[in-house]
Amino acid sequence: MVLTHTTTHTYNHPFPTVTLAFFLRYCTPQLNPFANHVLSTDTIAQHVDPATGRLHTTRIHLKKSKMPPAVMKLLPTSLTGGAADKASYILETSVVDMKEGWMSTESRNLNFVGVLSVIEKQTYSAPATSPSQHVAAPNPFASNGTTDVATTVIFRSRLGERIRDKLHTAHHDAAGEGGWFSRLGARGVQRSIESLASTKTVDQLGKSREGMQKILERLRQTGVMGVLELRKMARERSMEAA
């Protein structure tokens, strides 16, 4: 079973500023107080395609991750390890085309995929300069421009199949006992996990937008150099503390 959640949003900032805020959103909690759960961010690959001029970036984020208590109650300890609080890796890929005025991103979890796979896809785009044209040309560098973003999050839980395969014999032998598995069923577990994760994601997407707004306002107030200086100071304090 697959569950999909789709939202749209418009930032009242030009496209180049929004793309910069995207890459800065996890750099320090002083810029984004909604990113305290992010432990580290590393760029593992980055290049500009000489044929298209597009920037391709691959990053990995380490985040504090807490499995919802409601999900924990649905799962046997053999699958969860008995602990809800863990750290998880998120793989992020992005492609930016400044000339055409769009950026596409994809993030997916690398941990807990046996319980739940979450893939978030986003498309950022500068609005068309002339909607009446058959092929509207975006102007990503307009100083008073806006940026649209469409977000699609795909949830998929394979847990039902795993439980069915691993516990088939035990379930067959104890069919008359009516345990949690027989009452809820494989598809019931899948639907419950995906539904709970989707509900939590709605809240997380709201916080993500608020975090982006914080960075965008700081960029507007202090400029790029002011934000980069703040990031440098935060890193220096972090190294001293270590």
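Here are the numbers for the structure shown:
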{"read-out": "Nonlocal amide H pairs with Arg158, under 5 Å, H built at 1.01 Å", "value": "Ser117"}
{"read-out": "Of Lys64/Lys121; Lys99/Lys232; Lys63/Lys207; Lys63/Lys99; Lys121/Lys232, those spanning more than 26 Å from alpha-carbon to alpha-carbon", "value": "Lys99/Lys232; Lys63/Lys99; Lys121/Lys232"}
{"read-out": "Estimated FRET transfer efficiency when R0 is 41 angstrom, pair Ile119-Glu229 (beta carbons, to 0.05)", "value": "0.70"}
{"read-out": "Accessible area (Å², 1.4 Å probe, nearest 10) - Tyr26", "value": "50 Å²"}
{"read-out": "List Val48, Val18, Val113, ordered by accessible area with a 1.4 Å probe, largest first", "value": "Val48, Val113, Val18"}
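The values are calculated or read from the model by the stated rules, or taken from the named source; none is laboratory data. Here the structure is a predicted model, which is why all the values come from computation and not from measurement. Virtual Cβ from ideal backbone geometry, glycine too; neighbours counted across all protein chains shown. With ligands, DNA and RNA removed, areas are computed over all heavy atoms of the protein, side chains included. Shrake-Rupley method; radii C 1.70, N 1.55, O 1.52, S 1.80 Å.
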